[in-house]
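See below for the structure under consideration.
FYI, it's all coordinate maths here, none of it is from the lab. Not measured: the values here are computed from a predicted model. Every residue, glycine as well, gets a Cβ built from its backbone with ideal geometry; the counts of neighbours run over all protein chains shown.
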Number of protein chains: 2
Amino acid sequence: MKAYVYVSLKKSVLDPQGKTIQGALKKMGYKGLQDVRQGKYFEIALNGGLNRAEAEAEVERIAREVLTNPVIEEFRFSLED
Amino acid sequence: MKAYVYVSLKKSVLDPQGKTIQGALKKMGYKGLQDVRQGKYFEIALNGGLNRAEAEAEVERIAREVLTNPVIEEFRFSLED
């Protein structure tokens, strides 16, 4: 089973890295951009020892406790067989 | 319209950052992990000036030409209204 965890800055937190990318893209002539935000992305391969509910709980725990800084970041995740 | 671009290392490229996270998680007692890989994730808000096909082409071009290092990375993206 594979889990995909997406961590991004909360909407209320400024993202200077994203703003820099947006400015660079604009200077390079790319059109139609309103906003760019950057986040992190984790691909976690799970071994067969966990069923779907256990895997979901474990990945949620890892994402919440380790991969995300709850003060400034939020996460979402998905599982795939 | 919003575009989500996911950039990850090619399967054939070693990911020491992911391995470090995996080792740390194992030491912290999380079970069932086989492999962890880290990537980048971009959230791009597009203004209304582009139709869906144009937006798709523009985002694909940005991902290919700017956000990804084609030697070691690969990308996928999705659009959302």
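The share of Cα pairs per 5 Å bin across the stretch B:9-81, counted from zero up to the longest distance, runs 3, 13, 20, 15, 13, 12, 11, 8, 4, 1, 0 percent.
Within 10 Å of the Cβ of each residue in B:6-16, the mean number of Cβ atoms contributed by other protein chains is 1. Could you point to the residue in A:Phe42, A:Ser78, A:Val13 farthest towards the positive end of the stretch A:7-81's charge dipole, with +1 and -1 charges on the Cβ of Lys/Arg and Asp/Glu respectively? Projecting each Cα onto the dipole axis, the largest value belongs to A:Val13. Taking a straight Cα-Cα cut-off under 19 Å and skipping sequence neighbours fewer than 8 places away in the same chain, the lysines within cross-link reach of B:Lys27 are B:Lys19. Helix B:52-62 and the longest principal axis of the Cα set of chain B meet at an angle near 50°. Give the distance, in whole Å, between the Cα centre of the stretch A:5-81 and the Cα centre of the stretch B:14-31. That distance is 18 Å. Seen from A:Ala3, the other residues with C-beta closer than 9 Å to its C-beta sum to a net charge of -3, counting Lys and Arg as +1 and Asp and Glu as -1. Judged by the gyration tensor of its Cα atoms, with axes a ≥ b ≥ c, the protein assembly as shown is prolate; a/c meets the 1.5 cut and a/b is the larger of a/b and b/c.
For the peptides A:3-9, A:75-81, residues were scored by their other Cβ atoms within 10 Å and the scores averaged per peptide; the highest-first order is A:3-9, A:75-81.
Neighbours of A:Asp35 by Cβ distance under 11 Å: Lys/Arg scored +1, Asp/Glu scored -1, total +2. Counting Cβ atoms of other protein chains within 10 Å of each residue's Cβ and taking the mean over peptide A:43-49 gives 6.
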